[in-house]
Amino acid sequence: MAKRIILVIAAIVGFAISHSNTLQGQTLTYIYTPKGSVVSDTYLDPEYTSTEIAAYNNYVATTYPLATKIADASHTYNCHAYAWHMTEGGNAVWIGASSSTAEDIYWTDGSYMEVCNPTFPAKVSYDSDDHSAVTTSTTGIFRSKWGPWPLMEHDKDYTPYNSSSLIYYVRTPSISISGPSAFCETATYSIDNLPTGLNVTWSATGNTIFSGPNTGSTVTIANSSTEVITLTVTNDCGITLLTKNIQVGTPSFPYTPVGELHPNVFGDSYGYYAPDYAGAVYEYKWHVNRTTDGLSASVWNGPPLVNAADVVFNFPGYYIVQVEIITDCMESIWSDPLLIEVDNSGAEWRSYSYFPNPANKELTIQYVGEQGAEKTAVTEKAKATKQFEVLLIDNKGNILRSAKNSNPITFNTHDISDGIYYLHIKEKEKTVKKQIIIKH
């Protein structure tokens with residue numbers, strides 16, 4: 001914000017309202033906005049002598065008789081410190097010792113927001129000068145520190161500062177829009193704990209209409225299209241406070257489930273996964289059927305497997321994997337089909353157990369013995385001494401986890417993003433590969 005510093009000098013006694021940044025004992029200090037931003041150019045300053053304080057008090061009382069002194073003159077704090085920091089419980093500091101924009105951080109970082117009309121309580125920035133004040137319960141009466149001069153209560157225009165442009169700020173409230181992220185035709189949205197005196201107006205993009213007023217803490221909207229809309233909340237000044245993107249109607253689902261393309265019939269469960277549907281979902285249904293006769297595999301889904309399923313194949317052949325989404329609009333949307341081939345080879349994979357799949361916080365890989373076609377018994381000693389290495393790899397070939405010579409092996413997966421990953425189990429010259437789903 002462009003500002004100019006006003007110097008008011010009494011010709012007889014030379015009293016300046018500006019700050020002297022050459023005083024001995026001045027110390028740089030750090031204070032923070034409510035959002036945690038550092039307020040730059042802030043200092044701890046030494047106090048004037050009692051003689052100097054009395055002289056400043058007397059000068060202001062004589063020059064501005066219609067203003068009321070609240071506290072003595074002081075060089076330890078200025079107008080910005082009083083308005084933005086000290087009235088919120090902060091200590092005495094001088095903000096903007098050598099600049100005229102140090103206090104701007106209080107609103108540029110979102111700690112405070114502009115309001116159009118005078119209100120109480122509020123901070124006031126003299127935009128036409130370099131001054132800050134606070135409002136009082138009496139309209140048009142402010143309280144502000146006049147540089148090193150006294151803390152004064154005064155009419156907004158009765159100061160040494162240019163008051164032609166005033167901007168009012170209040171603490172930005174902790175508010176959000178409550179309501180569904182997707183709906184079919186109508187939905188209600190609200191702002192919880194809307195502060196008293198904060199007037200808001202709602203607007204929406206697309207083919208959206210408001211069923212009733214578009215002001216206040218709660219609105220109802222209607223839209224019969226299939227589109228993504230943006231719901232916006234503004235204050236009296238037209239400043240945007242909140243936005244929310246919302247899916248309306250029943251969008252398509254042009255995705256193919258992902259999972260193991262070559263599973264076997266030895267009783268392992270295989271995870272299949274579909275992306276989150278953009279619309280409002282009532283239910284995910286998984287369909288896994290053999291192409292030749294429609295024979296269904298054994299499928300488990302439901303919480304926590306919302307858009308994923310565990311599948312066990314009991315017979316070989318080609319299968320189609322699809323997810324059917326029942327929307328809140330009671331319409332059925334199908335994914336693209338995934339064709340997989342199930343065979344009865346790969347008995348070596350039955351030597352290892354991996355669980356859970358999908359994994360959430362942990363994934364365990366354990367050697368359990370050759371239990372495939374030969375069904376060979378393995379002693380507990382052999383299990384404990386089995387030498388193998390396990391790698392967890394992403395789709396770019398990056399190794400995310402690795403371990404070896406331990407049975408079982410457990411990977412911590414809590415910080416790995418949702419998606420499809422790959423297990424490589426290396427045993428001597430043999431490597432067994434498997435797809436793993438991580439879903440939090």
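The values are calculated or read from the model by the stated rules, or taken from the named source; none is laboratory data. In this text, all values refer to a predicted model and were calculated from it rather than measured experimentally. Here the Cβ positions follow ideal geometry from the backbone for every residue, glycine too, while neighbour counts run over all protein chains shown.
Just a few scattered comments:
- Selection over the range 391-424 of residues that are farther than 22 Å from A308 by Cβ and either of a type in the set (A, V, I, L, M) or touching a residue at least 60 places away in the same chain (Cβ under 8 Å) (or both) gives a count of 4.
- Of everything listed in (1) of a type in the set (A, V, I, L, M); (2) more than 26 Å from S164 (Cα to Cα); (3) modelled with pLDDT of 95 or more, the single unmet condition for A67 is (2).
- Residue that is nearest to T87 (Cα to Cα) [pool: residues in the range 56-72 that are out of contact with any Lys or Arg (no Cβ under 9 Å at 6 or more places or on another chain) and among the hydrophobic types (A, V, I, L, M, F, W, C)]: A67
- Scanning the range 295-312 for residues that are closer than 25 Å to Y354 by Cβ, at pLDDT 90 or above and not in a strand (DSSP E or B) yields a count of 1.
- Residue match in the range 46-61 (condition: among the aromatic types (F, W, Y), in a loop (DSSP other than H, G, I, E, B) and free of Cβ contacts under 8 Å to residues at least 40 places away in the same chain): no
- Looking across the range 83-127, just one residue is over 18 Å from V39 (Cβ atoms) and without any contact (Cβ under 8 Å) to a residue 40 or more places away in the chain, and that is F120.
- Among the conditions (1) modelled with pLDDT under 90; (2) closer than 19 Å to V312 by Cα; (3) not β-branched (V, I, T), the only one that L339 does not satisfy is (1).
Listed here are the residues, each with its yes/no results for (1) of a type in the set (G, A, S); (2) surrounded by 13 or more Cβ atoms within 10 Å (Cβ to Cβ).
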position: G238; (1), (2): yes, no
position: G249; (1), (2): yes, yes
position: N264; (1), (2): no, yes
position: Y270; (1), (2): no, yes
position: A274; (1), (2): yes, yes
position: A280; (1), (2): yes, yes
position: W286; (1), (2): no, yes
position: T292; (1), (2): no, no
position: G302; (1), (2): yes, no
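- Flag if A81 is over 13 Å from W149 (Cα atoms), part of a helix (DSSP H, G or I) and hydrophobic (A, V, I, L, M, F, W, C): yes
Residues are listed down the side, and each one gets a yes or a no for (1) within 14 Å of F355 (Cα to Cα); (2) buried (at least 17 other Cβ atoms within 10 Å of the Cβ); (3) under 38 Å from the mean Cα position of the chain (by Cα); (4) basic (K, R):
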position: S402; (1), (2), (3), (4): no, no, yes, no
position: S406; (1), (2), (3), (4): no, no, no, no
position: I409; (1), (2), (3), (4): yes, yes, yes, no
position: T413; (1), (2), (3), (4): yes, yes, yes, no
position: L423; (1), (2), (3), (4): yes, yes, yes, no
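- No other residue among S163, S144, S178 is farther than 18 Å from S125 by Cα, modelled with pLDDT of 95 or more and small (G, A, S) apart from S178.
- Elements of type strands (runs of 3 or more DSSP E) contained in the range 201-294, each with 2 or more residues being at pLDDT 95 or above, more than 30 Å from D310 (Cβ to Cβ) and not hydrophobic (A, V, I, L, M, F, W, C): 201-204, 218-222, 227-234, 240-248
A quick yes/no check of all residues on (1) touching a Pro at 6+ places or on another chain (Cβ under 8 Å); (2) polar (S, T, N, Q); (3) closer than 18 Å to D157 by Cα:
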{"position": "I70", "(1), (2), (3)": "yes, no, yes"}
{"position": "S74", "(1), (2), (3)": "yes, yes, no"}
{"position": "H80", "(1), (2), (3)": "no, no, yes"}
{"position": "A92", "(1), (2), (3)": "no, no, no"}
{"position": "I95", "(1), (2), (3)": "no, no, no"}
{"position": "D104", "(1), (2), (3)": "no, no, no"}
{"position": "W107", "(1), (2), (3)": "no, no, no"}
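- Extreme residue, surrounded by the most Cβ atoms within 10 Å (Cβ to Cβ), among residues of the range 425-436 that are β-branched (V, I, T) and in contact (Cβ under 8 Å) with a residue 40 or more places away in the chain: I436
- Residue match in the range 388-406 (condition: in a strand (DSSP E or B), farther than 19 Å from K433 by Cβ, modelled with pLDDT of 90 or more and not acidic (D, E)): no
- Here P180 clears all of (1) assigned by the TED database to the domain that holds S224; (2) assigned to a loop (DSSP other than H, G, I, E, B); (3) touching a Ser or Thr at 6+ places or on another chain (Cβ under 6 Å) except the condition numbered (3).
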